[in-house]
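Structure first, then comments.
The values are calculated or read from the model by the stated rules, or taken from the named source; none is laboratory data. The structure presented is a predicted model; accordingly, all values stated were derived computationally and were not measured. Because the Cβ atoms are built from the backbone with ideal geometry, glycine has one as well, and the counts that use them run over all protein chains shown.
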Amino acid sequence: QVQLVESGGGLVQAGGSLRLVCVASGSTFRIISMGWYRQAPGLQRELVAKFTSGRTPVYVDSVRGRFTISRDYAANTLYLQMNNLKPEDTAVYYCNAVLQQSTTSPIGGYWGQGTQVTVSS
């Protein structure tokens with residue numbers, strides 16, 4: 001069993017900041033990558049930011065310079081600091097992890113339940 005639990009979402013005015021947190025627990029033998037995705041109403045889920053296997057952060061163009069992804073590898077925790085938020089950032093934000101549960105299990109992708117971020121104008 002793998003659990004990804006997000007927190008930190010909420011309602012904020014444009015220009016404000018929020019910090020999202022995702023904690024991975026359970027059978028997380030080897031985490032290959034972790035990232036944040038978001039889904040706005042009527043739109044497909046899109047990548048916001050993630051760490052590749054080489055620990056290099058990747059950002060979607062619309063958030064580069066405003067959002068910062070970070071990770072505590074020892075605590076299996078992922079963060080997303082979101083500054084200068086805009087109404088178009090409004091979405092449900094999901095944590096994703098690609099991992100192996102044990103030495104013999106296949107690599108799989110897992111999602112958290114999501115946390116709502118609403119930015120008012």
* Residue that is of a type outside the set (Phe, Trp, Tyr), in contact (Cβ under 8 Å) with a residue 60 or more places away in the chain and in contact with a helix residue (DSSP H, G or I) (Cβ under 7 Å, 6 or more places away or on another chain), where the choices are Ser17, Ser102, Ser121 -> Ser121
* Asked: Within the range 70-100, how many residues turn out to be over 22 Å from Arg55 (Cα atoms) and assigned to a strand (DSSP E or B)?
  -> 2
* Asked: Based on what the data block shows, is Gly54 part of a loop (DSSP other than H, G, I, E, B), under 30 Å from Ser102 (Cα atoms) and more than 12 Å from the chain's Cα centre (by Cα)?
  -> yes
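Take the conditions within 15 Å of the chain's Cα centre (by Cα), outside any strand (DSSP E or B) and surrounded by fewer than 19 Cβ atoms within 10 Å (Cβ to Cβ) and apply them to Arg19. Does it pass?
no
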* To do: Identify all residues within the range 84-121 that are modelled with pLDDT under 95, surrounded by 13 or more Cβ atoms within 10 Å (Cβ to Cβ) and polar (S, T, N, Q); write none if there are none.
  => Gln100, Gln101
* Mind checking which residues of the range 48-83 are loosely packed, with under 14 Cβ neighbours inside 10 Å, at pLDDT 95 or above and farther than 18 Å from Gly112 by Cα? -> Asp61, Ser62, Arg64, Gly65
* Mind checking whether some residue in the range 23-41 is within 17 Å of Val92 (Cα to Cα) and either over 14 Å from the mean Cα position of the chain (by Cα) or free of Cβ contacts under 8 Å to residues at least 24 places away in the same chain (or both)? -> yes
* Which residues, counting only those in the range 25-47, are under 24 Å from Gln100 (Cβ atoms), modelled with pLDDT of 95 or more and in a strand (DSSP E or B)? -> Gly35, Trp36, Tyr37, Leu47
* To do: Specify which of the listed residues (Arg66, Arg71, Arg30) is basic (Lys, Arg) and touching a helix residue (DSSP H, G or I) at 6+ places or on another chain (Cβ under 9 Å).
  => Arg66
